[in-house]
Structure formats: C-alpha cells, structure tokens
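Trainee: I'd like to ask some things about the structure below.
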Amino acid sequence: MFYTPPPPNVAEQEFHHDAPKIAIQHIERIHVQPRKFIPLAVMVVSIASFTIGVDAFSVANPVDPSAAVTHQTTQSPQDVQAYWTPDRIRETKAMPEPTASARATAPSQTHLLPPMSAPGSPPANAHESGNGAASPADISQSEVWTTHGRVPATTVGKLRFATGAGNAECTASVITSANRSLIWTAGHCVSDGHGHWYSNFQFVPDYADGIEPLGSWVGKSVSTPKSWFNYRNPEYDFSAITLWPQRDAKVADMTGSQGYKFNYGHDWNVYTFGYPFDTHPSRPGINGQQLRYCIGGTWQTGDLQSIHCDLGHGSSGGPWLDDLQLDRGWGYLVGNASHLVDESSDEVRSPHFGDAAVNVYEVQQNK
C-alpha cells in the first residue's frame with residue numbers, strides 16, 4: 001500500500017514477499033528516503049512449489065518513473081485453472097504483516113498528461129442494476145453488499161495469484177476498455193516491488209460465500225508502473241490485467257464495467273468495495289467470503305487519497321467508485337485500496353491516478 005513519509009513517532013509496516021530471484025532487464029535504481037506501508041492483501045498457505053518467470057518483459061521509456069512495465073504470461077488458461085484446486089482455495093487466510101526492510105523509492109508521479117475518462121457499461125445481457133438497501137449516508141464501518149447478479153457486484157471480484165511465499169488474494173474490478181477484458185487492482189497484487197512478477201492470476205467476479213456465478217477468468221498480460229515494479233513506491237500501487245476470453249466471451253460482456261477517471265482531482269464521494277478477511281479496528285465475523293463496502297468522502301494526503309473505511313486485508317486493489325448511481329450500477333474508478341495508516345485506524349489510502357495510471361491503462365486496453 002502507499003503512503004507519504006509519516007510524522008515523527010509514526011511508523012507504518014511494510015508487507016514483503018521474499019520472492020525467488022529471477023533475471024530481468026536492469027533498470028537503474030533511484031535512491032530517495034525509504035518508506036514503509038501495510039498492504040491489504042492476504043496470503044494463502046500452500047505447500048505447492050512454483051516459479052515466477054518473466055516470459056515477456058518490456059518497459060516503455062525506462063527513464064520515466066511513470067512508465068509501464070509489462071509481463072506477458074506463457075501460462076495457458078487451462079494450467080492456471082488447474083493450479084487453483086479446492087484445497088488451495090480453502091487454505092486462504094490472512095497473514096501477519098511483518099516489519100520489512102526499507103525500500104528505496106522513485107520520484108512522485110507526474111500529472112502532465114490531459115485528463116482521461118470513460119463511462120461504465122452494463123453487461124451484454126443486462127439485468128436491473130443497483131442495491132436498494134444501500135444508503136447515501138457515509139458508512140465507515142463496512143457492511144455486506146447484499147445484491148448480487150447485477151452491476152456493480154458483477155464488476156467486482158476476488159483476484160487469486162501465486163507469489164514466492166505462497167498464494168494470495170486481493171480484490172479487483174472490471175473497467176471500461178477497448179478489449180473489454182481489463183481488470184484493475186493494486187500493484188502489490190501483481191508484483192513484490194523488487195523486480196518480480198506474481199503468477200497464476202485468476203479473477204472471480206461477483207464471488208459470494210463460495211459461489212462463483214460467472215466462473216473464473218485467467219490473466220493473460222499485466223502492467224504496473226516501473227516505480228512500483230522496481231522501487232515499491234506506494235504512489236504507484238496500481239496495476240491492470242488483461243484476461244483471456246472464456247468460451248469466446250469477454251469478461252466485460254458478462255459483468256459490465258466501471259468507468260474511470262485519470263488525471264483528475266483527489267476529493268471524491270465514493271463507494272469502496274472489497275473482500276476483507278478482517279477489519280481495522282478488528283471486528284468479529286469477517287472472513288473474506290462476502291463483498292463488503294463503505295461510503296464516504298476522500299481527502300488528499302500528499303499525492304495520495306484517504307478515506308475512513310475499516311475494510312482490511314484481502315480488500316487490496318478494491319475499487320473506489322465516484323458517482324456510482326445505483327439505478328445504472330456503475331461509477332468512475334478514481335482509486336484503489338492500497339494500504340492502512342496503522343492497524344488501529346480506519347484510514348485507508350489509495351494512490352492518485354496520474355500519468356502512470358494512463359500509461360498502464362493504455363498498454364493493457366488493447367492487449
């Protein structure tokens with residue numbers, strides 16, 4: 001997750017996967033003050049072994065800290081689906097966040113490109129959207145989203161993946177794209193920020209209590225900013241994944257999509273969604289099996305955005321949707337859950353979507 005340097009006597013923990021070393025194209029490190037953070041991902045305990053390889057690796061304009069780094073997998077969809085056995089899925093549990101060594105970070109994200117946006121869309125066979133139980137009042141203590149089978153729930157799902165330390169889960173959302181196959185999540189859900197990719201990406205939209213009504217979809221290509229991939233700078237903690245079609249259908253045709261806004265402001269009224277395994281502060285009965293949500297206003301913290309919402313680990317990458325109108329079911333993606341201020345606080349932070357977000361999106365939307 002992402003944050004700016006804390007004031008004196010305030011420290012944030014970093015969640016770190018000691019992934020196996022691989023050979024990658026060298027990019028010169030940029031050394032500035034170290035930062036730490038507490039990500040919202042969860043780990044899956046697994047005895048399975050796997051490797052993380054860079055099958056196809058590219059960096060657009062490697063001098064630019066906002067450039068996108070892209071990985072094209074050579075894993076077949078069949079192999080990825082076979083990897084996710086019921087035992088591996090059942091073993092999912094929240095992991096503790098150990099204090100990790102500091103990591104050098106890149107310069108702050110630039111905001112030089114013009115604003116860019118697109119509306120959301122309903123599924124090809126649209127049902128009535130919305131959730132009549134939702135309230136426009138602020139909700140910082142998350143509640144279960146009860147209406148499934150329609151937008152927005154169909155556009156949000158669990159994201160499973162393999163890391164060098166085990167298997168993990170985050171949250172991701174389908175957003176509008178030319179290929180109708182793009183999901184958005186946190187950067188720490190695709191790479192450890194130390195030059196290693198994760199693998200076996202599987203997206204499960206509209207998941208609820210073990211039910212997968214729209215099936216599962218496999219990652220084909222993934223991009224994240226160079227400043228996340230190499231420098232673990234939380235200002236760049238976002239990524240985009242293109243999914244393989246399923247029986248000739250593209251994911252957005254089945255789920256609908258959320259719109260997006262890049263290079264706009266920091267202050268929004270948003271719905272935030274995620275699949276948390278816990279809350280902060282802690283509450284009982286949160287187990288990662290339900291889609292939960294908060295509603296509230298965001299505010300700027302440096303080049304980050306903050307909101308009061310107790311969604312915990314497992315909600316990493318979950319969408320922050322501005323102007324979500326329940327009668328249509330879609331809003332505009334303006335942030336994604338990145339990190340906590342600390343475990344006793346309900347303040348969650350998101351990167352701001354600037355030039356790096358535009359670059360990541362443009363690389364993936366035509367894959």
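The values are calculated or read from the model by the stated rules, or taken from the named source; none is laboratory data. Since we're looking at a predicted model, the values are computed, not measured. Glycine also receives a Cβ, built like all others from the backbone with ideal geometry; neighbour counts cover every protein chain displayed.
Trainee: Would you say residue 300 is more than 20 Å from residue 160 (Cα to Cα), within 18 Å of the chain's Cα centre (by Cα) and in a strand (DSSP E or B)? It would help to see each step written out before you state the result.
Mentor: Values: more than 20 Å from residue 160 (Cα to Cα): yes; within 18 Å of the chain's Cα centre (by Cα): no; in a strand (DSSP E or B): yes.
No; evaluated as a whole, the condition is false for this residue.
Trainee: In addition: Here are some residues: 286, 295, 241. Which one is β-branched (Val, Ile, Thr) and outside any strand (DSSP E or B)?
Mentor: Details: 295 fails: outside any strand (DSSP E or B); 241 fails: outside any strand (DSSP E or B).
One residue alone meets the criteria, 286.
Trainee: Restricting to the stretch 108-140, name every residue that is modelled with pLDDT of 90 or more and surrounded by fewer than 13 Cβ atoms within 10 Å (Cβ to Cβ).
Mentor: Listed by number, the residues that qualify are 112, 114, 115.
Trainee: Right, next: Restricting the stretch 306-340 to residues that are part of a loop (DSSP other than H, G, I, E, B) and surrounded by fewer than 24 Cβ atoms within 10 Å (Cβ to Cβ), which is nearest to the chain's Cα centre (by Cα)?
Mentor: Taking the candidates together, the pick is 323.
Trainee: Restrict the check to the stretch 214-237 and report whether at least one residue is within 25 Å of residue 81 (Cα to Cα), in contact (Cβ under 8 Å) with a residue 12 or more places away in the chain, assigned to a loop (DSSP other than H, G, I, E, B) and basic (Lys, Arg).
Mentor: No, every residue in the stretch 214-237 fails to be within 25 Å of residue 81 (Cα to Cα), in contact (Cβ under 8 Å) with a residue 12 or more places away in the chain, assigned to a loop (DSSP other than H, G, I, E, B) and basic (Lys, Arg).
Trainee: Of the conditions (1) touching a Ser or Thr at 6+ places or on another chain (Cβ under 8 Å); (2) among the small types (Gly, Ala, Ser); (3) at pLDDT 70 or above, residue 60 satisfies every one except a single condition; which number is it?
Mentor: (3)
Trainee: If you take the residues in the stretch 244-263 that are out of contact with any strand residue (DSSP E or B) (no Cβ under 7 Å at 6 or more places or on another chain) and part of a loop (DSSP other than H, G, I, E, B), which one is nearest to residue 161 (Cα to Cα)?
Mentor: Restricting to residues being out of contact with any strand residue (DSSP E or B) (no Cβ under 7 Å at 6 or more places or on another chain) and part of a loop (DSSP other than H, G, I, E, B), the top hit is 245.
Trainee: Between 85, 154, which is modelled with pLDDT of 95 or more and surrounded by 15 or more Cβ atoms within 10 Å (Cβ to Cβ)?
Mentor: The match here is 154.
Trainee: On to the next question. Would you check if there is a residue in the stretch 163-184 being surrounded by 23 or more Cβ atoms within 10 Å (Cβ to Cβ), over 20 Å from residue 321 (Cβ atoms) and out of contact with any strand residue (DSSP E or B) (no Cβ under 6 Å at 6 or more places or on another chain)?
Mentor: yes
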